[in-house]
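Accompanying notes for the structure given below.
The values are calculated or read from the model by the stated rules, or taken from the named source; none is laboratory data. Values in this document were obtained by computation on a predicted structure and should not be read as measured data. Quick reminder, even Gly has a Cβ in these numbers, built from the backbone with ideal geometry, and neighbours come from all protein chains shown.
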Amino acid sequence: MTDEPAPRGEQPQHPQLQGAEYPQGQYPQPQFDFVPQPPMPIKNHIGWAIAGMLLFWPLGIPALVKCVEVAPLWYQGNYRGAEDSSRAAKSWGKAGVIAGGVLYGLLILLMIGYVIFMIFLFGQMRQEMQQ
């Protein structure tokens, strides 16, 4: 085999096509099976899952699990299952964010109450020591 192009009217010699005879200018066309692409996958709500994990992990873990299930179910053709997992991920994630927000809010209120109590207590002790 040489690096020179084949003369006009002759077929180029390829090792895979050795012995194959085609009329001039007629080469076999590749056959493609048309496989329709599914529409874009739905949202998996990973943002809600991560926020739920950060704020209240007991509810964030199920959100993350459901979030990871969405794409495989979608590409397997189980669109209903993917939509259900997407909705569940969003629900678990929102629940985790709400629960975490409420708990952190209560924690902040408890800390403020503790500081107020300590100021009051030290104020009382100071008055007693001055008497």
Look through Gly81, Gly77 and report the one residue that is surrounded by fewer than 16 Cβ atoms within 10 Å (Cβ to Cβ) and either among the hydroxyl-bearing types (Ser, Thr, Tyr) or within 17 Å of the chain's Cα centre (by Cα) (or both). Gly81
State whether one or more residues within region 47-60 are surrounded by 11 or more Cβ atoms within 10 Å (Cβ to Cβ) and touching a Lys or Arg at 6+ places or on another chain (Cβ under 7 Å). yes
Spot the failing condition for Asn44; the list is (1) at pLDDT 75 or above; (2) over 17 Å from Gly81 (Cβ atoms), and only one is missed. (2)
Could you tell me which numbered condition Gln26 fails, if it satisfies all but one of (1) farther than 30 Å from Ala99 by Cβ; (2) of a type in the set (S, T, N, Q); (3) modelled with pLDDT of 70 or more? (3)
On the basis of being among the aromatic types (Phe, Trp, Tyr), within 36 Å of the chain's Cα centre (by Cα) and more than 29 Å from Pro39 (Cα to Cα), does Tyr114 make the cut? no
